[in-house]
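Data block below; observations after.
Bear in mind that the values in this text are calculations on the coordinates, not laboratory data. What you are looking at is a predicted structure, and each value in this text was computed from that prediction instead of being measured. No Cβ is skipped: glycine too gets one built from the backbone with ideal geometry, and neighbour counts run over all protein chains shown.
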């Protein structure tokens, strides 16, 4: 069916002749999250072996909505410009009830960010670029068609049993990153149960190719005339591909609903008789909102769907997984290089479990609105829609998905208390805000390009007097990097003499009011952020 | 603000009558939806998260009494 994309096929390497091999870091899974982790580690000079049962990228467009924070992560990894060039940028969402607009939102109402609220892009493009970038580093051993069939965890690693077409081998890994998806073999082998909810509803994805006049915005309909009693979601993708997501209800027959004639009839109802279109990809899905209890199990870490799953409303699945990789990889690199103790890796749980819970909470709330569980829930949902026609107060209650935002790592053990009184700006644990800057040579750029790109910590300050050994000071001043719009100072809440310590994953570790940013104080915050006793 | 549980409605009988009148002749499903609209309007009028949470808790607890 696909007419706009041909999946590449990657060569499957032979298994090691000896039948046994060792590796420091093994990544299970060559999807979006596994590939992102491999590239992040490689950018930090860490080699990995990546095992994947398939020999290609995503079948179908799947996770199409890449959120601002994810784009910033891909910016740090050197792929951001590709997303902007190929993807469809959007900031606005519009929600309809029956035949009228009920609610609209603008996700990025302020200027001065390198990346928009969202870029829509088929997952296969993102994965293809990640594969190319991983290969170019020379540090990722990509093993297509190498399928993990068993795992035996040890205190100092895990032994994986790997099947290939030419035979089986044992891979002794010191560290394992399990990014092997919702049906994770590693999770199942380790008997780690998922805790959470299953929703009794089915949805149909129809990707269609058409030259449609709709703008690049997220459109969501409750009970539209063309699909009464259910909801519909529309997203624009590159290559004139449009994602249409039809709610079907629990009683729908998933096989019958995939019949192209039936799908075409549904799309025709929506588009009217005159719009030519062709089907690109069809999928019927259900979903769960759940996670495993902890994401670290000794030397085995779970990332993305193997650790947590959400409903698609809010685009929190793929984005959450990429942010897992962003969180874990700098820590693992620091431990492997001997700069940080093993305890730093415990903070992956401390930071990413609350983040997963936030995603699960938001996606569960959206799902409760879109798929009412009982008569009372339906009455309230319909009441909100009734009121939203006339009364502004009801519009924020309309919940068609609360779109992915990065978690503020509020109670992170890596964060230091504020030094001095801060009444605004970004608190410790927040992802670093972007801002336009002009460098000493007069070139315009972005603040986030300067943070974490070298793999280390960054100290943001306006004076050369603020510094600490082993930390790069990024000086925002008229004779250094110019914050010409004042947006950097405003977003961080910085006044002259203040300083902010940023982690390699572009999160705030500590902030210091003028006069408190002594070398000792900065060093203590740095040690704490590396999991060393402060 | 805290949840008021002492009488505050100036003419309770007239309020109750208006409420009954609004529901008169409505099928159960529409009645339920009318109540939901009313709850949402009143909740916004209150506009205080703590009071709303206390009201939900009080409404649940009232059913538990013998």
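Can you tell me the orientation of helix B:12-23 relative to chain B, as the angle in degrees between its alpha-carbon axis and the longest Cα principal axis, to the nearest 10? Tilt relative to chain B: about 50 degrees.
Scattering from the range A:436-529 was approximated by placing one identical point on each alpha carbon and applying the Debye formula without solvent; log10 I(q)/I(0) at 0.21, 0.23 1/Å stands at -1.03, -1.24. FRET efficiency for the residue A:274 to residue A:101 pair, using the beta carbon distance and R₀ = 41 Å, is estimated at 0.95. Principal axis extents of the C-alpha atoms in the range A:79-234 (largest first, rounded to whole Å): 60, 40, 31. For the range A:303-397, the alpha carbon convex hull comes to 110 Å³ per residue, rounded to a whole number.
The modelled label-to-label distance for the pair residue A:174/residue B:28, using points 7 Å beyond Cα in the direction of Cβ, is 6.7 nm. Do the sum for chain A: with -39,500 (n - 2.57) for every DSSP H run of n ≥ 4, divided by all residues, what is the mean residue ellipticity at 222 nm, to the nearest 500 deg cm²/dmol? Calculated from helices alone, the mean residue ellipticity at 222 nm is -8000 deg cm²/dmol. Projected over every direction and averaged, the convex hull enclosing the alpha-carbon atoms of chain B yields 5.7 nm².
The alpha carbon radius of gyration of the range A:1-147, expressed as a multiple of 2.2 N^0.38 Å, is 1.26. Here the residues A:476, A:84, A:195, ranked from fewest to most Cβ neighbours within 10 Å of their Cβ, fall in the order A:195, A:84, A:476.
Calculate I(q)/I(0) for the range A:13-67 by the Debye formula, one identical point scatterer on each C-alpha and no solvent, and give its log10 at q = 0.15, 0.17, 0.18, 0.21 Å⁻¹ to two decimals. Treating every Cα as an identical point scatterer, log10 I(q)/I(0) equals -0.55, -0.68, -0.74, -0.92. Stretched out straight at 0.36 nm per residue, the stretch from residue B:21 to residue B:6 would grow longer than its current Cα-Cα span by 2.9 nm. Relative to one another, the C-alpha centroids of the range A:378-432 and the range A:41-63 are positioned 32 Å apart.
By the count of neighbouring beta-carbon atoms within 10 Å, fewest first, B:17, A:21, A:111 end up ordered A:111, B:17, A:21. The Cα atoms of the protein assembly as shown define a convex hull whose projected area, averaged across directions, is 33.1 nm². Were the residues from residue A:361 through residue A:262 laid out at 0.36 nm apart, the gain over their Cα-Cα distance would be 32.2 nm. Based on the Cβ-Cβ distance from residue A:465 to residue A:346, what FRET efficiency comes out when R0 is 25 Å, to the nearest 0.05? The pair residue A:465/residue A:346 has a calculated efficiency of 0.10. With N as its number of residues, the range A:325-380 has a Cα radius of gyration that, divided by 2.2 N^0.38 Å, comes to 1.84. Put in order of Cβ neighbour count within 10 Å, fewest first, the listed residues A:370, A:451, A:353 become A:353, A:370, A:451.
Taking only the C-alpha atoms of the range A:353-409, the Rg (one decimal) and the largest Cα-Cα distance, Dmax (whole number), read 13.2, 40 Å. Working from label points 7 Å from Cα in the Cα-to-Cβ sense, the residue A:255 to residue B:56 distance is 4.2 nm. Protection proxy ranking of A:131-142, A:496-507, A:273-284, by the mean of other Cβ atoms within 10 Å over each peptide's residues and highest first, is A:496-507, A:131-142, A:273-284.
Zone of residue A:438 (label point 7 Å along Cα→Cβ, backbone N under 19 Å): which residues in the range A:81-117? Backbone N within reach: A:111-114. Take the Cα of residue A:91, step 7 Å toward its Cβ, do the same at residue A:155, and the gap between the two points is 5.5 nm. Note on the range A:215-308: Rg/Rh from C-alpha atoms, Kirkwood Rh, equals 1.10.
For the range A:376-492, a Kirkwood radius taken over Cα pairs fed into Stokes-Einstein (25 °C, viscosity 0.890 mPa s) yields D = 137 µm²/s. Residue separation of residue A:163 and residue A:24 scaled by 0.36 nm, minus their Cα-Cα distance, works out to 48.1 nm of gained length.
Peptide B:34-41 shows a mean partner chain C-beta count of 6 within 10 Å per residue C-beta.
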